[in-house]
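One structure below.
The values are calculated or read from the model by the stated rules, or taken from the named source; none is laboratory data. Predicted model only: the values in this text are computed from it and were never measured. So basically every Cβ, Gly included, is an ideal-geometry build from the backbone, and we count neighbours across all protein chains shown.
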Amino acid sequence: MSCIKNGKFINCKVCKKSFYVAKWQIKRGEKFCSQKCFGLSKIGHIPWNKKPKIKCNCLTCGKVIFKQLCRIKSGRGKFCSVVCLNRARLGEKHGMWKGKNVGYSALHTWVKRRLGKPAFCAFNKEHNNRGLQWANKSHQYKRDLSDWVSLCISCHKKYDLKFVKFPVV
């Protein structure tokens, strides 16, 4: 059996020598007859990371930074560091922000980050050495920091039991 050649002959872009290219190599874009010609074609070519950099400012902190033009054109190169990038994605700007549809534990974490650790029990000032928690006043779990009060564990249980409706047996 003989092999069927379905490629074609093309001219090398560097030395202009004619050479055979298989069909699969044509799709890939073969343009050179050898590795030597390919290497010669790269002489004088500036790699993307060696091109001159452009002066711009970080969008978060305003620090002067230098970035390649290709990074700016592609939409990257706006921040000086990963820290500034993450600061720009905080809160409502984050892709996973759920707004009003936030879960129970995520909302408590959000409140704890904003209000900090509770310092005293709002109902009984003598309960300061007990475990303190943030309790929701309205029991509707809104993203409203004025709707939260610091309570010790025992006062928090008593406060929540007032709003719970137990089924009558």
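Okay, residues lined up against (1) loosely packed, with under 11 Cβ neighbours inside 10 Å; (2) in the same structural domain as T109 (by TED's automatic domain parsing); (3) aliphatic (A, V, I, L, M); (4) within 30 Å of R143 (Cβ to Cβ):
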position	(1), (2), (3), (4)
A22	no, no, yes, no
I26	no, no, yes, no
K55	yes, no, no, no
K67	no, no, no, no
C70	no, no, no, no
F79	no, no, no, yes
V82	yes, no, yes, yes
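On the basis of being touching a residue at least 24 places away in the same chain (Cβ under 8 Å), of a type in the set (D, E, K, R) and more than 30 Å from R87 (Cα to Cα), does K5 make the cut?
Values: touching a residue at least 24 places away in the same chain (Cβ under 8 Å): no; of a type in the set (D, E, K, R): yes; more than 30 Å from R87 (Cα to Cα): yes.
No.
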*Counting only residues that are surrounded by 10 or more Cβ atoms within 10 Å (Cβ to Cβ) and either closer than 11 Å to S150 by Cβ or without any contact (Cβ under 8 Å) to a residue 40 or more places away in the chain (or both), which one in segment 91-105 is nearest to the chain's Cα centre (by Cα)?*
H94
*Cross-chain or 6+ apart pairs with Cβ under 6 Å, segment 8-24 first and under 17 Å from S41 (Cα atoms), then in a strand (DSSP E or B) and of a type in the set (G, A, S)*: N11/S18
*Has segment 39-46 got any residue that is surrounded by 13 or more Cβ atoms within 10 Å (Cβ to Cβ) and either in a loop (DSSP other than H, G, I, E, B) or of a type outside the set (S, T, Y) (or both)?*
yes
_Please count how many residues of segment 63-78 are farther than 16 Å from P52 by Cβ and of a type in the set (F, W, Y)._
0
